[in-house]
Each structure stands twice: as C-alpha cells, then as structure tokens.
1. For region B:145-209, treating each Cα as an identical point scatterer without solvent, what Debye log10 I(q)/I(0) comes out at q = 0.12 1/Å?
2. Rounding to the nearest 10 and keeping the result within 0 to 90°, find how far the Cα-based axis of helix B:19-45 lies from the longest principal axis of chain B.
3. Which of A:123, B:190 has the fewest other C-beta atoms within 10 Å, and how do the rest follow up to the most?
4. Residue by residue through region B:48-58, what is 3J(HN,Hα) from phi via Karplus (6.51 cos²θ - 1.76 cosθ + 1.60, θ = phi - 60°)? Round to whole Hz and write x for glycine and proline.
5. Calculate the radius of gyration of the Cα atoms of region A:113-264 to one decimal place, then report Dmax, the largest Cα-Cα distance, as a whole number, both in Å.
6. Write down, largest first, the equivalent ellipsoid semi-axes of region B:2-412 in whole Å, where each equals the square root of 5 times an eigenvalue of the alpha-carbon gyration tensor.
7. Exposure proxy check: B:200, B:78 ranked by fewest other beta carbons within 10 Å?
8. Quick one: dipole size for the protein assembly as shown, taken about the Cα centre, charges +1 on Lys/Arg Cβ and -1 on Asp/Glu Cβ, in debye to the nearest 20.
Amino acid sequence: MLSLGALAGLSLGNLSCTRRAREEFLQKHFREMTEADKAAVIGRLEAQYQQQYGKAVRVGTEPAVPGTLWGYGLDLSRCIGCRRCVYACVQENNQSRGNPQLQWIRVIRLKKGSLINLENSEHYYDPATVPEPGFMYMPVQCQQCENPPCVRVCPVKATWKEPDGLVVVDYNWCIGCRYCIAACPYKGRVFNWAEPTLPPQEINPEVHYLGNRPRMKNVVEKCTFCVQRVRKGRYPACVEACPTGTRKFGNLLDPASEIRYLIEHKRVFRMKEDLNTEPKFYYFFSA
Amino acid sequence: MKAWRFFRETVQMVFVGTRAYTLWCAFLLAVIGVGIAFYLKQLDQGLIVTSMRDQVSWGLYIGNFTYLVGVAAAAVLLVIPAYIYHFDPIKEIVVLGELLAASAIITALLFVLADLGRPDRFWHMIPVIGILSFPDSLLAWDVVVLNGYLVLNTVVPITILVKTYFGKEPSRRLVIPLVLLSIPWAVGIHTVTAFLYNGLAARPFWNASILAPRFLASAFCSGPAMAILIFQILRKTAGMKIKNEALFKISELMAYSMFINLFLLGAELFKEYYSATIHLAPMEYLYQGLHGHNALVPWIWTATAMNITAFILFLIPRTRENLVTLNIGSLLIIAGVWVEKGLGLIVPGFIPDPLGEIYEYLPNSTEIAISLGIWACGLLIFTLFMRIAIPIQRGDFVHARHEKPALPPQYERIKP
C-alpha cells in the first residue's frame, strides 16, 4: 500500500522544478510549521504563483486577531436571489472558473410557506429578473460551526477551527478523501475534481495561506468568511457585494457589534439547529 | 538462509502451474493492465474523470470497499462453524479463510487508494511522520483496524504454512490465540466500517443505528457464498478435501443470516415509510424514485429479488443440498448483496444532498475499468496465495530435508 502511494506520488509530481516538487511533497502540516518553515513555504508559493500567473501574489499567514469570534447575519426578507454574492466570492477567493466552476455560496429558491424541507428547493433557477413572486431565496455557505462535523471526521486533521472561529483547510495537507463533504450538513465544502482553471488576468493577488490562495486538483475547499480580509478589518466580499443589505457581519465577542445587535433585537435562527453543530451563521427576517 | 530458500522456491512456484492456472493469471494481469491505464488517466486529470461530483462525492469505489470489508470479516467468521461442526480439514479452512480475508482487505484498501484524490499524500495518514486523527475520525479507526486485521490474517496463515513447509507443527500457543483474536476483530472491522457512515448526522439514510447489524448480517451472506464457490473450485482443481455436508451446513447458516438481513431491512423500511418524515427521501429515491429520478430503482429491486430467491433456495433443504441450486443461490447472494451494500448503500446517502439537490450517479466506464482492475488484483493475490498454500498443505511443497525425492507435485500435472 505504502509503496503504491509513493509511486503514485512520484508520478503526480509533474512540476518542471523537481526541487519544488520535493519540497511540496515533504511539506509539513501548517500548524506544525515553525516561523522559518512558514517563510520558506510562502517564498516557494509566491515564486510559483509569479511564474504561473505572471503577477506578484502576496501570501499572508496572519493569525486570528485576539478577542475575535466571527459571526454572520443574513436577512431572508431582503435577499432577492441575484447571486451577486456568489460571483463576488468566486472572484475574491480565486475559485476555479470553469470545468467545473466552483462556488462557495449556493443560493436556493424556496416556495413561500416552506423553509425546513429543502427537498423542494431549486438550485438552478434562472429567470430573466429576480425576485420572482411566490418565492424566497436562501443563500447558504459554510456556517463556520462551533462544533463542526467536517473537522471531526478528517482523518489527517487537514481542516480545523481557528481561534477566531473560522474553519479552514490546509490545501497542502488534504488527502482528498472527501469524508468532510459527506459529513457537512450544509454543503459547505466543494472539491477540486480537476486542476482548477484560473485565468492570470482574473487572479486576486491578495491571498491567505488558509483561504483564497490558488488551489490544486483533488483537494477540498470552502468559505472562510474571507479570512484574508476579515483579519485585516475588512468585510467579507459577499457582504460588500450584496446590493440589498441582506448580509451582516461582525465580532460575536464585541457587545457593540452589528451581529450582536441583530441577535439581540431580531428573531434569529440557525440552519438545522437540531444537529447541534452550533453554526455562527444567523438567519433572520427583518420584515 | 532457510528463509531465503523458502522465499526463492515460493517465487519460483508461482511462475509455474497448469495451463488453466497460467491462462487465469494472464487474464487477471490483462484486466489489471486495463485498470492501471484508466487509473493513470484519473491521476493525471483528477477525479473529474469519474461520475462523482460534490453532490454525490463517493461512488463505486467506496461501495466496493464496503462490500469487501464484509467479505473479509465473514471469511474469518467461517472458522466458528468449521470448528463447532467439525468440518474437516479445519486447519485448511482456517488458512484458506484467513488468506481470503487478507486478499479481501488488500483489495478493499486498494479501493480506498483509488478513491483518494491525493495518493501522493498517503503518508500524511501514517502516525509519527504524518498525523492520524485518532480517535476523532472514524476513518482513522478504520485505517487502524483494517491494517491490524491484515497483519493478523497474514501472520497466522504464514506461520502455519512456513512451519508446515519445514515439516513442523505450528505452535498452538501462538496460533490459537491469534485465530481467536481474529474472530472479534472481524466483527470489529465491519462495525467500524458501518460507523464510518452511521456517525454522520448530515446523512439521515446512514444515520440509523440498524446499519452496523445489517452490515454484519449481509456480510454473513456474501462472504460464505464466496467461500462455498471457492471450496468447490479448490476441490475440483486442487483436490481439497471438503465434504458436501460442510457446504450444506454453511448454506443453512446463510439462510439464517439472510433471514436476519431481510428482517433488519424490513424494520428499517417500516420505520421510514410509516413515519414518513422528510428523512424518507433517500429510501424513496432508492426504491421508488424521487421527483422523476430513479436510476437505482431497477438495481435495488433486482438485488432484492436475488436476495429473496437465494433465501428461499437456502431455506429449503432439498435445494440447498443440491450443488446446482446451491451455486445459483451463492451467485445470487454475491450479486444481490453487492448491489445492496455497494451502490444501494453509498449513493442514496447523498440523494437528495443536504440542500435538497438531486444529482443522479451511476459509475462511468473509467470507474468500472478501475474497479474491475482492482477486483482482478484481489483475485490474483488470492490465486497466488492458494498457489503456495495448497501444495504446502498437501505435503507436495516442503523443505528439501523432508522432501520425498523425485516426486513431482501430483495435482500439478505439469513439470515444475
């Protein structure tokens, strides 16, 4: 078994530079790297991206800001189902653009009158204009559970919850078993079934190691509430892109934050609360 | 030096055999070759070459894996009736059962490897140099128990065979505790594999506590069915001395297991259909089709018909004690349980997906070619195991000191 795996590994290392391939193969788990290890890996990645995309890409490793626990609010009365958040996310987070296109946010259309039974949801609605009468829209993305089933099932700890509550993936440690996809009740994870396609002119060069850096084939990826932005005091891209003010974001530990105001003053609920996953993603109706 | 000689003679041995043996091995190697060609394409392009997608993220590979873990478990559990009912030859049955288990485990692990997106990072799972998330991840548990089982089921038969080769009795103090240990371990591997799915609250179809008992019951059908066929083949080709009565006893036990399997399935069907909550959807998809999607419906009904037919054949003494109907029943069970526990268990777990989307999955030619290649590899491993084990146990392949000179292996029928 072992030798087979190693053999497959050798044939996979198809990078032109064998030293880089060897370093990538032997790379440690992100959480076991020393600062020097990290610097070496970042240097290698930046050089690789420069070569691949012809652009200077800055790979950040900013840790969680002490005293932060990120929470999300989503106003179901406001969402019109335009999917601007979906595409803003694809751009910001350097998702594969085609064959297949990967999306971290999925907006589902529900008939008014039914919210829990998702079996009647429509994922590929495509009318000329939104919103459509008789329907409501429910955007779903990683709910950044406090008790994330995906983290628990990973056989190699390639995914974990950061101190600020974000569930992240070390794309270089993921073995591609897809157990986390099976375990997630929110479809919060997508898989790079093929080598991702990311045209050089479309790359977002401000990336985080645990977030939106370009991925490779056969690894899992997911929403991180834009770890590369929120740890620098910016909103996630979906919040900024929303034209209706549906999306709210803030620090759950800060009593004066907008998210805390919403939890206090709106009637919020979380998706599939019966599963005890404790999402930090709060849905509510403002009207 | 002695070990080297044994090794050398073993290697020499697997390269010679009857015409049927050579053709069989060549055939398996050809199927493996095709499988490797398709696997290289999968390595190069990614799992996109399969029918799996985010909605149905496991398919034929994991289905086969689950089935084979069952075969591996049941092969060893066969030792219990063999002991209780005094099937002769017991030592041969133990060796055969454990080698069948070892082959099935290797095959099951190859299916996991085929399903793994990044086999180059396989070492991440190895404790000390990598990180194995034990005890949190049930997949880590499975890695531990399956590899332990593999070691157990190679150590025991190899010990027995090597000792026999050198003309000695295997140490009972070593072998018997290990055989006894492998019995609960067999139950363990299949239970852990069931828990792998069972523990996922996101997938109501699997999140039913009846899953592990059903796994064991169906394994007790498919594993012995394979053993019945293998016993007969070895009786014909290698003169294995197993009596018909032993086969009939096994088939009687299979009738009971199939009854339990069908009963547990019935209990599950009742609960889902009578309460008819939204969690009925995967069951509905499997048996009736859901919102016009019904790819698995013909499969599961064919499998159910096969299982029920086999149950009846094995229940009636006259049909179970007739080698023709016995073999038909065994083939029906092998196929029926394969569908029930492969596609019929894995795929509906993903349909509808957690947000209600329905993506219909059926394996494509790449997955089928790779799977056939892996099955061929398993059969080849088992064939080679038998190629060594049988001559040793028949006393035809022994260390020179004990050899009767100039006597070519009788059942070989060709020159070495």
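Derivation of every value follows stated rules applied to the coordinates shown; laboratory data play no part. Just so it is clear, the structure is predicted and the values come from calculations on it, not from any experiment. Glycine gets a Cβ as well: all are built from the backbone with ideal geometry, and neighbour counts include every protein chain shown.
1. Log10 of I(q)/I(0), two decimals: -0.45.
2. On a 0 to 90 degree scale, this one is about 40.
3. So the residues, fewest neighbours to most, are A:123, B:190.
4. 4, 6, 8, 8, 6, 9, 4, 5, 10, 8, 10
5. Just the Cα atoms of region A:113-264 yield Rg and Dmax of 17.1, 47 Å.
6. Equivalent ellipsoid semi-axes, largest first: 37, 25, 20 Å.
7. B:200, B:78
8. 1340
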